[in-house]
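Okay, so here's the structure we're looking at.
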Amino acid sequence: METHQVRYFLAVARTLNFTKAAEECNVTQPSLTRAVKKLEEELGGALFHRERADTHLTELGRAMLPHIEQSYLAAQSARALAEALKRGDVAPLRLGLTDSVSSRLFTDVLQGVRSGVPNFELAVEAGPESLVRDAMLKGNADLVVLGEGGAVPERMRTWPLFREQFRLVIASSHRLATKTTLMLEDLDNEDLIERTKCSGCRRLRQLCAATGVMPRFRHRVDSADQLLDLVRAGFGIGFTPRSIALPEGIVTRPIERVEIDREVSLATVAGRPFSAVLCRSRPLPTHSSD
C-alpha cells in the first residue's frame, strides 16, 4: 500500500467522484483510477461501487476507511515531525531517571533548559537503574541520571553531578523516633528494610558488621516508595538518600559519627551524537543535594 494510493482512495471516498478526486489530487483520472484499482487488488476486493454518476463505498471500503485514514494521518504526522526536527522547530529530550533519585532535584535545571531552548519537549521515564541503563543503551533515552554507584558498561560515559547523604527513616510511632540523633548501636536487634542494589544500604550493612552491631536485615524491596510504605506500616527502619520526599507519618534521623553518601551522575553512550537540545543548552551544573 503506497502513500499515493492511500491519498487517492481517501479523495474518492470524500468526494464520491473519480473526476473531482483526480482534480483535487492534481493527477489525471486514469492514473487515479489505476492506483485505486491496484489498492483494491492488494486488499482483495472492490472498495467502490461505480454506478454511472453514483459512486459509493462497498462494505469492504467502509470497513477499510477508518484504518486507512488512521494510517495516512500517522504517516503525515511522522513526516511533519521529521521536517520540524530538521528545521529545529522541535527540541526533544528523553531523560531516564533512576527511581532512587528525586526528580525535584532537576526541576530548576530543566526550567533553565526550557527557558534557553525554544520548543523544548521533555519526556521523563523513571525506573530501576538497570532498566534506565538498558533504555540508554538501546537508544530509548538521550541522558540518564544514575545514583546506585558501581561499574557502568564500557559504552557509557558519565559525569558526576553531586554527592548526596543517606539518612535513616523511621515511622513516627517507632520508639527510636523520640530521639533526635541515633547511635549506630541503637540499630542493634532492630529490623532494617533493605532496598535492592542500594549502595548506601550495602555500606551500612558493612559498617554494622565491622563494629559488631547486629540489626536484622529482614525485608527487601526494589524501590524507595516500597521501602517507605513498609516503614510507615511498621515493618522496620529504612535507609534512603536525603532527597527522597517523606510521606506523613515518617521522620528522618541522623546517625552520630556515621556519614554515608553516594555520587549521583549523568550518563550517555560514548560516541553517540547529542540530541539537538543538548547541543543548544548549557551543560547541567554540578551541585549539592542539600
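What follows is calculated from the coordinates using simple rules that are stated; it is not laboratory data. Only a predicted model underlies this, so the values are computations on that prediction, with no experimental measurement involved. Here the Cβ positions follow ideal geometry from the backbone for every residue, glycine too, while neighbour counts run over all protein chains shown.
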Given charges at Cβ of Lys, Arg, Asp, Glu: the chain dipole, positive-most of THR28, HIS67, GLY234: THR28
Per DSSP H run of n ≥ 4, the term is -39500 (n - 2.57); total these for the chain, divide by its residue number, and report the mean residue ellipticity at 222 nm rounded to 500 deg cm²/dmol. -12000 deg cm²/dmol
At a threshold of 8 angstrom on Cα-Cα distance, excluding pairs fewer than six apart, so keeping six or more, what relative contact order does the chain reach in percent? 21 percent
Calculate the spin-label point distance for SER172 paired with GLU263, positioning each point 7 Å from the Cα along the beta-carbon direction, and give it in nanometres. 3.8 nm
Starting from the 7 Å offset along Cα-to-Cβ, what nm value, one decimal, do you get for the label separation of PHE217 and GLU59? 6.7 nm
Arrange the peptides 7-15, 186-194 so that the one whose residues have, on average, the most other Cβ atoms within 10 Å appears first. 7-15, 186-194
Could you give the length gained by full extension between LYS197 and LEU73, i.e. 0.36 nm per residue of separation minus their alpha carbon distance, to one decimal place? 40.2 nm
Apply 1/(1 + (r/R0)^6) to the Cβ-Cβ distance of LEU43 and THR19, taking R0 = 30 Å, and write down the FRET efficiency to the nearest 0.05. 0.85
On a 0 to 90° scale, report how tilted helix 199-211 is relative to the longest principal axis of the chain, with both axes built from alpha carbons and the result rounded to the nearest 10. 20 degrees
Fully extended contour minus Cα-Cα distance, from LEU207 to VAL152, at 0.36 nm per residue: 17.3 nm
Around GLN29 (Cβ within 14 Å, Cβ-to-Cβ, excluding GLN29; K/R +1, D/E -1) the net charge comes to +2
Relative to the longest principal axis of the C-alpha atoms of the chain, give the angle of the C-alpha long axis of helix 3-15, reported between 0 and 90° and rounded to the nearest 10°. 70 degrees
